[in-house]
Amino acid sequence: MACKKCKSEPAFTLISGEKLCKHCFSHYFEKKVRKTMRQYELIEKGDRIAVALSGGKDSSVLLSILAGMWKERNDFYLFAILVDEGIKGYRPITQRFAQKLCRELGIKLYIISFKKELGYTLDGMVRKLDKGPCTICGTFRRYLLNTEARKLKANKIAFGHNADDEAQSIVMNLFRSNNAAAARLGVINGIKKDARFIPRIKPLYFMLEKETTAYSFLNNLIGEFKECPYTQLAYRGQVRDMLNAFESRHPGTKAGILSAFIETLPILKEYYKPGKEIAFCSKCNEPTSGEECMACRLLDELRKKK
Amino acid sequence: MKVYIESTGKNVSVKAPSVAALLKKLNINPVTVLVVKNRNLVTEDSKLNDKDNVKILSVVSGG
């Protein structure tokens, strides 16, 4: 069967069953991302957007699309931040790809590392702490991205999270009965506005991982394949496999999860809205839900184990 | 037909008339991969023959 739009050789089958050629698929992908950005007003005039770039396909696709918009509109500023967690055999490869991509797109790239900022690599932390690697990594990545983006005067951080990532997070929070964490999800993260907390936007929110990978392949935005060595250890990996098995048998499962979640999200956000003032860590003054933030708690634990 | 599987980094030799049949034979969930035939991304109904150069790309996030 040929491309539904132009009758050329098809390259991709959408969930609806429609087949599209490489050009029509790229057009469909960009149109859908731009629709999300318009609908949720993700980029406004005067914004300084920091893209959280890993050099993987999702953030590379995001940077490429935003760079295209920046050239067209020129009424916002765009740059990228890469966090080098210190994962042997993984991050150096994606970092090289990120540097090459930024050079090609003319985007300024800032690189910060766990080792330099915190004194430990992620590999070192995993050996010392009795916590899941993704919990440790996520905590410090968010912490460093927020502090670095604020230092660089960004007012939004753009993440390459896709529909698969979000569906996994929704299901994980459901399985763990953690509605408070679910309330922090959505196309725009965060419940409360404060100058110290930079809102996070997710322009690829409605794009399936398979669609993002296809776009990255068709537009030469794919580097050498490297899966994070910690991925399989994560609870998320198990949820991902389960959802993929369901999606295969019942196409549209992930889109259904997202759609149902978005309907209830305003209620969750209202219910879990913090008090008048957002809380700040007594040690580092970064936003937190408790007395001391998770990053400071983990750092204390690391120092005690020296 | 020689098939390269990106997630394992291995080449395998398989006979299959189509992409869908190939994935079924290799017990790979089509949701988790893209198939490239002779450098072009193809859909599951694409026909295959012994001379095709096939790559199976993983769609999982790098982390």
Would you tally the residues in segment A:1-31 being of a type in the set (Lys, Arg), surrounded by 15 or more Cβ atoms within 10 Å (Cβ to Cβ) and away from chain B (no Cβ under 11 Å)?
2
I'd like to know if segment A:135-143 contains one or more residues that are away from chain B (no Cβ under 14 Å) and either surrounded by fewer than 16 Cβ atoms within 10 Å (Cβ to Cβ) or farther than 27 Å from A:Thr213 by Cα (or both).
yes
Of the conditions (1) closer than 28 Å to A:Asp84 by Cα; (2) open to solvent by 80 Å² or more (accessible area, probe 1.4 Å); (3) part of a helix (DSSP H, G or I), A:Leu298 satisfies every one except a single condition; which number is it?
(2)
Just need a number here: residues in segment A:102-114 that are surrounded by 15 or more Cβ atoms within 10 Å (Cβ to Cβ) and either without any contact (Cβ under 8 Å) to a residue 40 or more places away in the chain or more than 27 Å from A:Val61 (Cα to Cα) (or both).
4
Odd one out for A:Lys71 among (1) modelled with pLDDT under 95; (2) more than 14 Å from chain B (Cβ to nearest Cβ); (3) surrounded by 15 or more Cβ atoms within 10 Å (Cβ to Cβ):
(3)
Complete set of residues in segment A:32-53 that are more than 14 Å from chain B (Cβ to nearest Cβ) and either open to solvent by less than 30 Å² (accessible area, probe 1.4 Å) or in contact with a strand residue (DSSP E or B) (Cβ under 8 Å, 6 or more places away or on another chain) (or both):
A:Val33, A:Thr36, A:Met37, A:Tyr40, A:Leu42, A:Ile43, A:Asp47, A:Arg48, A:Ile49, A:Ala50, A:Val51
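Residue-wise test of (1) within 7 Å of chain A (Cβ to nearest Cβ); (2) of a type outside the set (Lys, Arg); (3) touching a helix residue (DSSP H, G or I) at 6+ places or on another chain (Cβ under 8 Å); (4) not in a strand (DSSP E or B).
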position: B:Ser7; (1), (2), (3), (4): no, yes, no, yes
position: B:Asn11; (1), (2), (3), (4): no, yes, no, no
position: B:Ala21; (1), (2), (3), (4): no, yes, no, yes
position: B:Val31; (1), (2), (3), (4): yes, yes, yes, yes
position: B:Leu41; (1), (2), (3), (4): yes, yes, yes, no
position: B:Asn49; (1), (2), (3), (4): no, yes, no, yes
Which numbered condition A:Glu44 misses (of (1) part of a loop (DSSP other than H, G, I, E, B); (2) under 30 Å from B:Ser18 (Cα atoms); (3) not aliphatic (A, V, I, L, M)):
(2)
When the residues of segment A:213-271 are narrowed to those that are among the hydroxyl-bearing types (Ser, Thr, Tyr) and within 19 Å of A:Lys202 (Cα to Cα), which ends up nearest to the other protein chains (Cβ to nearest Cβ)?
A:Thr213
Cross-chain or 6+ apart pairs with Cβ under 6 Å, segment B:28-51 first and exposed (fewer than 15 other Cβ atoms within 10 Å of the Cβ), then not in a loop (DSSP other than H, G, I, E, B)
B:Asn29/A:Asn244; B:Asn29/A:Ser248; B:Lys47/B:Ser18
Segment A:210-252: number of residues that are over 19 Å from the mean Cα position of the chain (by Cα), within 21 Å of A:Gly55 (Cα to Cα) and part of a loop (DSSP other than H, G, I, E, B)
3
Kindly evaluate A:Gly56 against the criterion of being open to solvent by 40 Å² or more (accessible area, probe 1.4 Å), small (Gly, Ala, Ser) and either under 28 Å from A:Phe217 (Cα atoms) or modelled with pLDDT under 95 (or both).
no
What helices (runs of 4 or more DSSP H), lying completely within segment A:130-209, carry at least 3 residues that are touching a residue at least 60 places away in the same chain (Cβ under 8 Å) and closer than 15 Å to A:Pro287 by Cβ?
A:133-151
Matching residues, segment A:232-252, being free of Cβ contacts under 8 Å to residues at least 40 places away in the same chain and over 11 Å from A:Gln168 (Cα atoms)
A:Gln232, A:Ala245, A:Phe246, A:Glu247, A:Ser248, A:Arg249, A:His250
Checked segment B:2-51 for anything among the charged types (D, E, K, R) and farther than 22 Å from A:Asn220 by Cβ; matches are B:Lys2, B:Lys10, B:Lys15, B:Lys24, B:Lys25, B:Glu44, B:Asp45, B:Lys47, B:Asp50, B:Lys51
Give segment A:218-230 a look and list any residue that's touching a residue at least 12 places away in the same chain (Cβ under 8 Å) and not acidic (Asp, Glu), or say none.
A:Leu218, A:Asn219, A:Leu221, A:Ile222, A:Gly223, A:Lys226, A:Cys228, A:Pro229, A:Tyr230
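The values are calculated or read from the model by the stated rules, or taken from the named source; none is laboratory data. Since the structure is predicted, the reported quantities are computational estimates derived from the model, not experimental observations. Every residue, glycine among them, receives a Cβ derived from its backbone with ideal geometry; neighbour counts consider all protein chains shown. Only protein heavy atoms, including side chains, enter the accessible area calculation; ligands, DNA and RNA are left aside. Shrake-Rupley method; radii C 1.70, N 1.55, O 1.52, S 1.80 Å.
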